Structures are given as structure tokens and as C-alpha cells.
Amino acid sequence: MTHMNQLSLFDMENESAPALGMAPLAERMRPQELNDYVGQQHLLGKGMILRQMLEKDMIPSMIFWGPPGVGKTTLAKIIANRTRSAFVNFSAVTSGIKEIKEIMKQAEENRTFGTRTLCFVDEIHRFNKAQQDAFLPYVEKGSITLIGATTENPSFEINAALLSRCKVFVLKELTQTDLVQMLTRTLQDKRGFGNSTIYVAEELLHTIAAFANGDARTALNTLEMAVLNGEISPDGSITIHQSTLEQCLGKKTLLYDKKGEEHYNLISALHKSMRNSDPDAAVYWLARMLEAGEDPLFIARRLIRFASEDIGLADSNALQLAVAAYQACHFNGMPECNINLAQTVIYLSLAPRSNAVYSAYETAKKDALAQLAQPVPLQLRNAPTKLMEELHYGEGYTYAHDTEEKIARMTCLPESLRDKRYYLPTEEGAEAALKARLAHSRAFRLEETSDCENAPSH
């Protein structure tokens, strides 16, 4: 049981800590210094690249890519404080080109007085091309240090010209240990509940951390709600009971640890139920995970894998539906995407089965690793230069579209593997037709004649 110094919440307004109504807990607890920052040790641990940049005061323009609530904005503010830079916070939702140019003009003036300007752009992927391009000349001249934050892949969402001038750092979702550490500190810190006596079992802090799914803001908001709805004793102390927390979470806290054994047991149960064509069991295990707070995108990624590993070409629609389910989870989030996942799980459970694609790759992988030095057959090599032609590159290649069968009589595997068969289709679903076509293709290709050596090449 965790408890803090005794002082009722109603007395907090008379202390140095802000009153509860003045600012959300997540904002009050925002770290001001790097030592208070939780998580991202792969970037900020001792000797790590971003830590070294900060210590040497060599801060480039950067893009922070990561899920919500992992500290992108907080880290940008800490960097601004450490480098004694003027901090400008842009919102990609409300800022236009006019506002950008006004700030850039001010940044130019700051530079003449030796003051750097750090521009933080939250949700930078929401800026259109013209808005992103407005930053370019100022980033190039060094008038500003740009830090953009995005939950989307910057390779697709940030203009190439701007992206090439920024260092991309991937921020990971916070671990359950990170979140419990942060919640414990919040109960001790005067900016949080350090002036109050809060009784809460450590296991409930782990429950909050699991529910938050790597999002610090969600964890702090949940703790704040639990404290405000906790049982107040005559002495002013507050006790958070499991029943109170369950009401705050809006669900019964099932026995589930997203990073522990039960996490893997349940995803295994889902996978094997689908593999056994049991949609009833599959939907049950899906509900167990979702209602316990599992990340729907994690489940969707596993469904995408299942579609290829257990169904493959027996039903190519399975992969398309699984990818669509992932997109639906991304767009809708919980709880709306639960039906999207249920639809996909039922479809995958009843689709025809084939692991031929999976087996083909695994067998080919073994040969690829064992024979990494196998040369590409000459007939498959390009010959863009005369020297390559003289070395017989491309000799014997037949353009399949020039043949009546649309198949060239030549082997495409290295000589030592020319008789290997990796893809062995089943008779399930659409794979039966592929099996017949493959048998014809293989038979035709093996009917090699001397004439094919002189076939025209392209």
C-alpha cells in the first residue's frame, strides 16, 4: 500500500502546489529537466546519441516519431530549456503560412541578438506541403531549430526536402515499469499529490499502467480521476479501492499483463482457435484481450501475419481484409474497432487453410542462409554495358511475353538449386487452381531445348 504525507486535497490550495482545479495533473507533472524524464532510454540513456547531442549542445532539427503520450512535447521543451532557446509551440491544426512567416521573422531577429529559436510543431504531418515548405529556408539558414512531432511515419507524411534536413528519432511507447515509476513519483511530488495522503495498492498502479498502454497522459488522467473519486476518511486521507478504479476505467480489470505471460497465452489462444476453424473460441479470446485493454493494433498485426501464415493463397482476400482491419483500428480506435476485428477474426477462422506460403519461405530461407554466395545465373543478369555483354551477362534470357505460353524455357534458380521446390500448394480453396497452373508452368520450363539458347533477349 502506497501512502503519502497527510494533507487533505482541500488544503492543497493553501500550499505551494497548484490547486487541483488550476491545471490537469498531466500538465502539472510535465518534467522540466532531463533527469525527471521517464522512458526513451535508447535515446537518452548514458552514451546514447540524443543524450550526447544535448550534453554537447549540438541540437539539429529533428522529427520525433512515436505514439501519443510518450513525451514528444515534453522532450522538446526540455531541449529548449537546456539550450536556452526561445520556444515557439506551433499547432499544425490552427497555424497557417501567415503565422509561420511571422514567427520566422521574429526568429531572424532573435538570431541577430544571439538567441536561438526552437520551433516545436505538434502533429507536423497535418501541415500541407506549402506549410512545411515555409520552414525550409529558415531551417537551412539555421534561423530556427525545428522539432516536429508526429504519430505517422515521417517517410510518408513529411516532405522529402524538409525530412532530409531533419534527424528522425523514434520514440517508443512507455513500458509498464516506466508508467508505474511515473505514477509513484506523482503521488510523492508536491506538483501532484505529494501534499496529500493517498492510499493505493501497488497492484492498482500496475493496473493503471497496463490500461494506459504506454501513454503517460492517459495514466496520469486515470490516476487523477481515481483520486478525485476515492474514499475520503475523516482525517482527510484518500483510499483508492479496486472497485473505484474499475469505475474510472469503465470496465472490470481482468487478469491481464500486456507484457507478461498472460499476454502471450491469450494471443496464442486466439491464433490457435482461428487455425482450428473455431470462430466462437476466437471471438471469445479476442474479447478477453480487448476488454482487458490490449492494443487493438497489436491484435491487427497478428491477424495480418495469420492471413499469410495459415491461409496464404488459399484465400488471398484474407490478407486484404486483415490489412483493412488494421487501418480500421488506426482510424477508429477502441471501442469502435472491436467489431472490425471481430469480423476479421470470424472470416479468418472460416477461410480455407494453407501454410504453403509460410513453408515455402522458411525452406527458401534455410537455403539462402546456407548458400549466400550462389551467383545469379547469367541469363538473369542485366547487361547495360558492352563489357557485361562480353562477359555473357543476359545471354540465354528469353522475354516471357514473347512466347505463346508466356513462359520462358529457362531456369531462374542458381545451378546448385535448379531442382529445388519451395512452394508446394495444397488443394484448399483458390490454391487448387494455382497448383494446377504451377504444375503446368514447371513442366513447360523443364522442357528445355537447345533453341532457347538463341532466343531473342530484351
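The values are calculated or read from the model by the stated rules, or taken from the named source; none is laboratory data. Since the model is a prediction, treat every value here as computed from it, not as a measurement. Every residue, glycine as well, gets a Cβ built from its backbone with ideal geometry; the counts of neighbours run over all protein chains shown. Please note that ligands, DNA and RNA were not included when accessible areas were found on the heavy atoms of the full protein model with its side chains. Shrake-Rupley method; radii C 1.70, N 1.55, O 1.52, S 1.80 Å.
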Exercise. Does Phe87 qualify as being without any contact (Cβ under 8 Å) to a residue 40 or more places away in the chain, among the aromatic types (Phe, Trp, Tyr) and not in a loop (DSSP other than H, G, I, E, B)?
Worked result: yes
Exercise. Can you tell me which residues in region 105-130 are part of a helix (DSSP H, G or I) and among the small types (Gly, Ala, Ser)?
Worked result: Ala107, Ala130
Exercise. Taking only pairs six or more apart or across chains, which ones have beta-carbon atoms under 6 Å, a first residue in region 353-379 that is among the small types (Gly, Ala, Ser), and a second residue that is open to solvent by 80 Å² or more (accessible area, probe 1.4 Å)?
Worked result: Ser354/Glu428; Ala356/Leu424
Problem set entry | Total residues in region 60-86, condition among the aliphatic types (A, V, I, L, M) and more than 25 Å from the chain's Cα centre (by Cα) | 2
Problem set entry | Lone unmet requirement of (1) closer than 23 Å to Pro279 by Cα; (2) open to solvent by less than 60 Å² (accessible area, probe 1.4 Å); (3) part of a helix (DSSP H, G or I) for Ser354 | (3)
Exercise. Somewhere in region 357-364, is a residue open to solvent by less than 70 Å² (accessible area, probe 1.4 Å), within 30 Å of Glu309 (Cβ to Cβ), touching a Gly at 6+ places or on another chain (Cβ under 6 Å) and modelled with pLDDT of 75 or more?
Worked result: yes
For this session: Among the residues of region 288-308, write down those that are farther than 14 Å from Tyr347 by Cβ and more than 13 Å from the chain's Cα centre (by Cα).
Result: Arg288, Met289, Leu290, Glu291, Ala292, Gly293, Glu294, Arg302, Arg305, Ser308
Problem set entry | Single residue of Asp178, Asp133 found to be assigned to a helix (DSSP H, G or I) and either modelled with pLDDT of 85 or more or touching a Lys or Arg at 6+ places or on another chain (Cβ under 9 Å) (or both) | Asp178
Seminar exercise, completed: Those residues of region 272-293 which are under 24 Å from Thr207 (Cα atoms) and not in a helix (DSSP H, G or I) amount to Ala292, Gly293
Exercise. Out of curiosity, is Met58 on the phi < 0 side of the Ramachandran plot, of a type in the set (A, V, I, L, M), free of Cβ contacts under 8 Å to residues at least 12 places away in the same chain and open to solvent by less than 70 Å² (accessible area, probe 1.4 Å)?
Worked result: no
Exercise. Inside region 272-287, can you point out the residues that are open to solvent by 20 Å² or more (accessible area, probe 1.4 Å) and either under 19 Å from the mean Cα position of the chain (by Cα) or more than 13 Å from Leu341 (Cα to Cα) (or both)?
Worked result: Lys272, Arg275, Asn276, Ser277, Asp278, Asp280, Ala281
Exercise. Within region 334-343, is there a residue that is among the acidic types (Asp, Glu), surrounded by fewer than 19 Cβ atoms within 10 Å (Cβ to Cβ) and more than 26 Å from the chain's Cα centre (by Cα)?
Worked result: no
Exercise. Tell me, which residue of region 136-155 that is assigned to a helix (DSSP H, G or I) and touching a residue at least 40 places away in the same chain (Cβ under 8 Å) is nearest to Phe169 (Cα to Cα)?
Worked result: Pro154
Problem set entry | Residue satisfying all of: in region 78-94; open to solvent by less than 20 Å² (accessible area, probe 1.4 Å) and at pLDDT below 75; farthest from Ile144 (Cα to Cα) among these | Ala92
For this session: Filter region 318-327 for residues that are in contact (Cβ under 8 Å) with a residue 24 or more places away in the chain and open to solvent by 20 Å² or more (accessible area, probe 1.4 Å) and give the result.
Result: Leu321, Tyr326
For this session: Out of the residues in region 301-351 that are in a helix (DSSP H, G or I) and of a type in the set (Ser, Thr, Tyr), state the one that is nearest to Phe211 (Cα to Cα).
Result: Tyr326
For this session: Hey, can you tell me all the residues within region 61-73 that are surrounded by fewer than 20 Cβ atoms within 10 Å (Cβ to Cβ) and outside any loop (DSSP other than H, G, I, E, B)?
Result: Thr73
